[in-house]
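Worksheet: one structure, shown below.
Throughout, read-outs are computed from the coordinates displayed, never taken from laboratory work. On a predicted model such as this, the values are computed, not experimentally measured, just so you know. Don't worry about glycine lacking a Cβ; one is built from the backbone with ideal geometry, like all the others, and counts go over all protein chains shown.
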Amino acid sequence: MGIEQDLSIKKCVPCNSNDIRPMTEQAANELIPKVPGWNLVNETDTLKLNRSWKVKSFTKGLELFQAVADVAEAEGHHPDLHLVGWNNVKIEIWTHAVGGLTENDFILAAKINGLDLQHLLRRKAAT
């Protein structure tokens, strides 16, 4: 709970406003500790959050995607989902509308962190 809960109880806000701008790398670095397991990456000048998991099977990966999809749909904020090979799940979150990170991305990451995914993961869970 603690710090992470601050984000996980917030709701994503619509990002169709001209007022929303991508956050700076400094601001992102201040928020990243609130979403353990997520990494801050700079991909061709676009800041993104990403996280990977090793799942027990291909179908468990799809179950993980469904759990994440339910949260994403409820928030109206959708991550990029990747299933590489049969058991490597990678999720990237960023706000496409602004070409970078907003608080919405950290809120979604915190909500994904709140999901019970242990039954889908291999014993040695990836970060």
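Where does helix 103-113 land angle-wise versus the long Cα axis of the chain, in degrees 0 to 90, nearest 10?
Long axis of 103-113 versus the principal axis of the chain: about 20 degrees.
Within 10 Å, count the other beta carbons around each residue, average over each peptide in 50-60, 23-33, and list them highest first. Mind dumping the intermediate values first?
Details: 50-60: 16.5, 23-33: 14.4.
Ranking, from highest mean packing down: 50-60, 23-33.
Pick out, from Thr102, Leu64, Leu121, the residue whose Cα sits farthest towards the positive end of the charge dipole of the chain, with +1 on the Cβ of Lys and Arg and -1 on the Cβ of Asp and Glu.
Leu121
What's the long-distance tail for region 65-127, i.e. % of Cα pairs beyond 13 Å? Walk me through the numbers on the way to the answer.
Values: 1275 of 1953 pairs.
Percentage above 13 Å: 65.
When the Karplus curve 6.51 cos²θ - 1.76 cosθ + 1.60 is applied with θ = phi - 60°, which whole-Hz ³J(HN,Hα) does each residue of region 36-49 get, with x for Gly and Pro?
x, x, 8, 10, 9, 10, 10, 10, 6, 6, 10, 6, 9, 9
Work out how far the C-alpha atoms of the chain reach from end to end along every principal axis, then list the three figures in whole Å, largest first.
Extents along the principal axes, in whole Å: 42, 33, 25.
I want to check the label-to-label distance for Glu63 and Asn39. Put each point 7 Å from Cα in the C-beta direction and report it in nm to one decimal.
For Glu63 paired with Asn39, the spin-label model returns 2.6 nm.
Residue by residue through region 116-122, what is 3J(HN,Hα) from phi via Karplus (6.51 cos²θ - 1.76 cosθ + 1.60, θ = phi - 60°)? Round to whole Hz and write x for glycine and proline.
8, 10, 3, 5, 9, 8, 5
Using only helices, what value at 222 nm comes out for the chain when you add -39,500 (n - 2.57) per DSSP H run of length 4 or more and divide by the total residues, to the nearest 500 deg cm²/dmol?
-10000 deg cm²/dmol
Which far-off residues, 5 or more places away or on another chain, put their amide H under 5 Å from the one on Arg122, with H placed in the peptide plane?
When sequence neighbours closer than 5 places are left aside, the close amide H contacts are Lys54, Val55, Lys56.
Using only Cα atoms, tell me the angle between helix 58-75 and the longest principal axis of the chain; keep it within 0 to 90° and round to the nearest 10.
30 degrees
For the ranges 36-44, 73-81, 89-97, what's the packing order if you count other beta-carbon atoms within 10 Å of each residue, average per peptide, and put the highest first? Write out the running numbers ahead of the final one.
Numbers: 36-44: 12.8, 73-81: 15.4, 89-97: 18.9.
Highest mean packing first, the order is 89-97, 73-81, 36-44.
Label-point separation (nm) for His96 and Leu83, each offset 7 Å from Cα along Cα-to-Cβ?
Using points 7 Å along Cα→Cβ, the separation is 2.0 nm.
Amide H to amide H, which residues 5 or more places from Thr95 or on other chains are under 5 Å from it, using H placed in the peptide plane?
The answer is Gly100, Leu101, Thr102.
Under 5 Å between amide H atoms, partner at least 5 residues away or on a different chain: which partners does Thr46 have, H built in plane at 1.01 Å?
Those lying under 5 Å, H to H, from Thr46: there are none.
Under a point-charge model restricted to the Cβ atoms of Lys and Arg (+1) and Asp and Glu (-1), what is the dipole moment magnitude of region 65-127 relative to its Cα centre, in debye to the nearest 20? Don't skip to the end; give the middle numbers.
Working: 5 positive and 8 negative charges, 97 e Å.
In debye, rounded to 20, region 65-127 gives about 460.
So if we plug the beta-carbon distance of Ile32 and Lys56 into 1/(1 + (r/R0)^6) with R0 = 30 Å, what FRET efficiency do we get, rounded to 0.05?
FRET efficiency, Ile32 to Lys56: 0.60.
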